[in-house]
Amino acid sequence: MAGVNDIAFRQLSLELGCDITYTEMVSSKALSFANEKTRHLLDRAPNERRVAVQLFGHEPDTMAREAAWIESEMGDALAYIDINMGCPARKIVKKGDGSALMTTPELAAEIVRKVSAAVEHPTTVKFRKGYAAGEDIAVDFARRMEDAGAAAVAVHGRTAAQFYSGCADWDVIARVKAAVEVPVIGNGDVTGGKEACALVAQTGCDAVMIGRGAQGNPWVFEQVRAALNGEAAPALPTPEQRVAMAHRHAEILSKRIGNNLVYMRKHVMWYLRGIPGASKARGELNQCVTLDDFNRVLEQLLVDAARIEAEEERYLAC
């Protein structure tokens, strides 16, 4: 979720029922160089009382030192240090970071040992079913992480080679849950309350992690919360509510980074999925830069959506 779960994204997710948020991936190496851009990733949203910091790297001493610095800077605002051993992005794995650490389990365990010894807050680890296509090593890897001091593990039911293709294998999450004593967080293919309940029922996992399912859809958290609590499902957002949320997301982001909102284009497109006229608006959205640009396109989209729906109703009435 690097480049996605920024402060605005996390603020809106918390408002709609998310229990705990994670920062974007934070490079331990960049922190060691006192990189200000990287340090800004540790900033919190106004409603973010506590946040998990998602740290990545492959040098145990550097990661331990920077984890201790994060803890000293954030204090009680830090929920825990989460070591990312699941990211499959090429620019990450080619340096030996992210999911590449699954190919060097001894090094991965040493990182967890040193980080957990350096901080008082819990250290958790996120990883995948395996690294190479067809690989299934999550159970052994989870045991190694637990032995090294991990307070919890999060398991994504795909290999790194799969990226996000195909279906997540929830059975591997169940096997990890049966193999370790620490809490297990299940991850992969949760897009609503029904899927969250099915994941918990099938795996016995202690918590549900939602990533891509929340892109343009922060309402997924209230849907999941209601389903897990056995409550009636909240109404799905209307096109007007989705456009309004896109407006708000852009406004929050503009206050933080200024009026160059090119970064916002992908978020807006996610919000608009399935709205009548959205495909036509995509071309214009790809030209948007300022908050006014986005507002103009979004306002026109609502006009076009209303017209398309009216035309469809007239057609069906004939």
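Numbers at a glance
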quantity	calculated
Cα-centred dipole magnitude for the range 123-170, charges only on beta-carbon of K, R (+1) and D, E (-1), debye, nearest 20	160 debye
Of the trypsin sites (Lys or Arg not before Pro) in the range 1-107, those whose Cβ has at most 15 other Cβ within 10 Å and which sit in DSSP loop	Arg49, Arg50, Lys94, Lys95
Rounded to the nearest 20 debye, dipole of the range 1-134 from Cβ charges on Lys, Arg, Asp, Glu	540 debye
Within the range 153-259, GluC sites (Glu not before Pro) in DSSP loop having at most 10 other beta-carbon neighbours inside 10 Å	Glu181
Angle between the chain longest axis and helix 291-317 axis [Cα atoms, degrees, rounded to 10]	60 degrees
Over 17 Å [Cα-Cα, the range 25-93], rounded percent	39 percent
Positive-end residue of Gln241, Gln223, Asn259, charge dipole of the range 171-318 with Cβ unit charges	Asn259
Difference of contour (0.36 nm per residue) and Cα-Cα distance, Ala207 to Tyr164	13.4 nm
Two-site FRET efficiency, Ala178 against Leu228, from Cβ-Cβ distance with R₀ of 22 Å, rounded to 0.05	0.55
Computed FRET value (nearest 0.05) for Ala68 with Ala198, which takes r as the C-beta separation and R₀ as 51 Å	0.80
In the range 219-314, trypsin sites (Lys or Arg not before Pro) in a DSSP loop with at most 12 other beta-carbon atoms within 10 Å	Arg273
Members of Lys29/Lys114; Lys126/Lys266; Lys94/Lys126 lying beyond 20 Å, as alpha-carbon distances in this model show	Lys126/Lys266
Only Lys, Arg (+1) and Asp, Glu (-1) charged, at Cβ; the chain dipole about Cα centre in debye	640 debye
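Every number in this text was worked out from the coordinates using simple rules, so none of it is lab data. As the structure is a computational prediction, the values presented were derived from the model and not from experiment. Note that each Cβ is placed from the backbone with ideal geometry, even for glycine, and that neighbours are counted across all protein chains shown.
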